[in-house]
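> Attaching a single structure in structure tokens format; questions to follow.
The values are calculated or read from the model by the stated rules, or taken from the named source; none is laboratory data. Everything quoted here is computed from the prediction, not taken from an experiment. In this analysis, Cβ positions are derived from the backbone assuming ideal geometry, glycine residues included, and neighbour counts consider all displayed protein chains. Just so you know, the surface numbers come from the protein's heavy atoms only, side chains and all, with ligands and any DNA or RNA stripped out. Shrake-Rupley method; radii C 1.70, N 1.55, O 1.52, S 1.80 Å.
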Amino acid sequence: MGVVNTTPDSFSDGGKFLDPALAIDRGLEMLEQGADIVDVGGESTRPGARPVDADEEKRRVLPVVSALAAGGAAVSIDTSKPEVAAAALDEGAVIVNDVTALADPEMAAVVAGSGAGIVLMHMLGTPRTMQRDPQYGDVVAEVAEYLAGRAQVALDAGINGECICIDPGIGFGKTLQHNLMLLRSVPVFAAGPYPVLVGASRKSFLEHLLGPIPVEERDPASAAADVLAIAGGAAIVRVHNVVEGLRTARVADAIVRAAGGD
Ligand code: PMM
């Protein structure tokens with residue numbers, strides 16, 4: 001899954017693709033580079049980010065979703081607003097990536113009615129508050145239990161189980177230790193009935209480990225996390241650099257699949 005953020009303030013690509021023409025070019029480039037899914041977002045979820053209203057979000061994302069879908073991409077819309085999701089699905093998006101995991105009940109109805117895929121992500125609190133001293137008793141058990149509960153909400157709303165994907169939400173209300181525990185526990189999440197998505201790309205936990213690194217230099221470190229996520233059973237990795245991300249995924253995947261055969 002390649003990421004295109006049409007926002008002024010996302011931590012990695014904020015401001016780069018605010019012009020829809022540039023965002024479309026970047027998404028089509030990702031498709032050509034081999035991304036299976038292009039994730040389009042119009043509201044930053046970085047720690048401390050302020051919400052944007054639905055009209056502004058739609059203005060940012062809809063031309064991009066429409067052009068990428070017309071260009072043959074499987075587009076996922078990164079939004080927690082049902083109104084934005086519905087409009088993006090009308091423009092050809094096929095997956096809703098909801099970092100609030102259906103917090104707005106209307107979202108479940110939108111997804112159920114459309115037959116789209118849904119990514120249910122775990123977050124503690126909201127983007128404005130989530131990095132203020134996050135606390136868990138057992139982070140892996142709590143995140144797993146939360147995701148199982150949200151998947152049940154999706155099923156109860158009429159969303160097909162085969163359309164559900166879960167995501168532990170790396171960096172969303174987690175300390176470095178929480179992120180590391182979740183990444184090493186991908187097998188726990190992957191043991192359940194739903195495919196697992198992991199978004200570690202360029203996130204600040206890498207800096208917490210390694211010291212300051214410009215975002216565009218974080219891809220090899222991101223790849224280390226992706227390899228282990230894939231070895232743990234992750235089905236989708238969300239990346240900013242599709243060329244490197246795909247090479248990483250293909251090698252990791254080939255090694256995983258070789259296990260047991262000769
Ligand atoms: N991370 C970001 C945004 N959306 N969605 C999912 N499902 N998982 C993530 O880890 C995730 C996400 C923040 O990163 P960005 O600013 O690069 O989009």
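> Sort through A141, A73, A109, A86 and tell me the only one that's over 21 Å from T45 (Cβ atoms) and surrounded by 19 or more Cβ atoms within 10 Å (Cβ to Cβ).
Working: A141 fails: surrounded by 19 or more Cβ atoms within 10 Å (Cβ to Cβ); A109 fails: surrounded by 19 or more Cβ atoms within 10 Å (Cβ to Cβ); A86 fails: over 21 Å from T45 (Cβ atoms).
Step by step, each of A141, A73, A109, A86 is checked, and only A73 is over 21 Å from T45 (Cβ atoms) and surrounded by 19 or more Cβ atoms within 10 Å (Cβ to Cβ).
> Hey, another quick one. Taking the residues in the range 14-30 that are modelled with pLDDT of 95 or more and under 17 Å from the mean Cα position of the chain (by Cα) as candidates, determine which candidate is nearest to T79 (Cα to Cα).
Looking at the filtered set, the residue picked out is G27.
> Now for a separate question. So, in the range 25-70, exactly how many residues are within 12 Å of E91 (Cα to Cα), open to solvent by less than 30 Å² (accessible area, probe 1.4 Å) and not small (G, A, S)?
Result for the range 25-70: 4.
> In the range 220-245, which residue that is assigned to a helix (DSSP H, G or I) and in contact with a strand residue (DSSP E or B) (Cβ under 8 Å, 6 or more places away or on another chain) is farthest from F189 (Cα to Cα)?
My answer is V242.
> Can you find a residue that is farther than 23 Å from G15 by Cβ, buried (at least 19 other Cβ atoms within 10 Å of the Cβ) and over 18 Å from the mean Cα position of the chain (by Cα) anywhere in the range 230-252?
yes
> A follow-up question, please. Restricting to the range 156-202, name every residue that is among the aliphatic types (A, V, I, L, M), within 11 Å of the ligand (Cβ to nearest atom), closer than 16 Å to M1 by Cβ and not in a loop (DSSP other than H, G, I, E, B).
I166, V196, L197, V198 - these are the residues of the range 156-202 that are among the aliphatic types (A, V, I, L, M), within 11 Å of the ligand (Cβ to nearest atom), closer than 16 Å to M1 by Cβ and not in a loop (DSSP other than H, G, I, E, B).
> Another question, then. Kindly check whether there is at least one residue in the range 177-196 that is touching an Asp or Glu at 6+ places or on another chain (Cβ under 9 Å), within 23 Å of G48 (Cα to Cα), at pLDDT 95 or above and surrounded by fewer than 22 Cβ atoms within 10 Å (Cβ to Cβ).
No, there is no match, as no residue in the range 177-196 is touching an Asp or Glu at 6+ places or on another chain (Cβ under 9 Å), within 23 Å of G48 (Cα to Cα), at pLDDT 95 or above and surrounded by fewer than 22 Cβ atoms within 10 Å (Cβ to Cβ).
> Could you grab me the full set of residues in the range 39-90 that are part of a loop (DSSP other than H, G, I, E, B) and away from the ligand (no atom under 16 Å from the Cβ)?
D53, G71, G72, A73, listed by residue number.
> Only one residue in V111, V153 is more than 16 Å from the ligand (Cβ to nearest atom), in a helix (DSSP H, G or I) and in contact (Cβ under 8 Å) with a residue 24 or more places away in the chain. Which one?
V153
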